[in-house]
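Student: Have a look at this one.
Only the coordinates and a few stated rules stand behind these numbers; no lab work does. These numbers were taken from a predicted model, which means no experiment stands behind them. Methodologically, a virtual Cβ is constructed for each residue, glycine included, from the backbone with ideal geometry; neighbour enumeration extends over all protein chains shown.
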C-alpha cells in the first residue's frame, strides 16, 4: 500500500474560487487595503502566481 496526497490548487477537483476570494480579501483587509476582489477578478488571476493576485 502506498500513501499519497492529492493537491488541487487550480479547482480541477474542487471549486476553490470562493475560498480563494475570501482568503484574498481577508488578507487585503488585514492590511487596510481599500479595495476588494470579486470572484470574477480572482478567477482571472488564478494560475498567474501570488504577485499577480496581490
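Student: Rounded to the nearest 0.05, what FRET efficiency do residue 5 and residue 50 give with R0 = 35 Å and r taken as the Cβ-Cβ distance? Could you check?
Tutor: 0.95
Student: Please give the length that would be gained between residue 31 and residue 43 if that part of the chain were fully extended, namely 0.36 nm times their separation in residues minus their C-alpha to C-alpha distance (nm, one decimal).
Tutor: Gain on stretching residue 31 to residue 43: 2.1 nm.
Student: Summing -39500 (n - 2.57) over the DSSP H runs of n ≥ 4 in the chain and dividing by its residue number, what mean residue ellipticity at 222 nm do you reach, to the nearest 500 deg cm²/dmol?
Tutor: About -12500 deg cm²/dmol.
Student: Taking neighbour Cβ counts within 10 Å as the exposure measure, how do 7, 13 sort from fewest upward?
Tutor: 7, 13
Student: What number do you get for the chain when its Cα radius of gyration is normalised by 2.2 N^0.38 Å, N = residues?
Tutor: Ratio of Cα Rg to 2.2 N^0.38 Å: 1.36.
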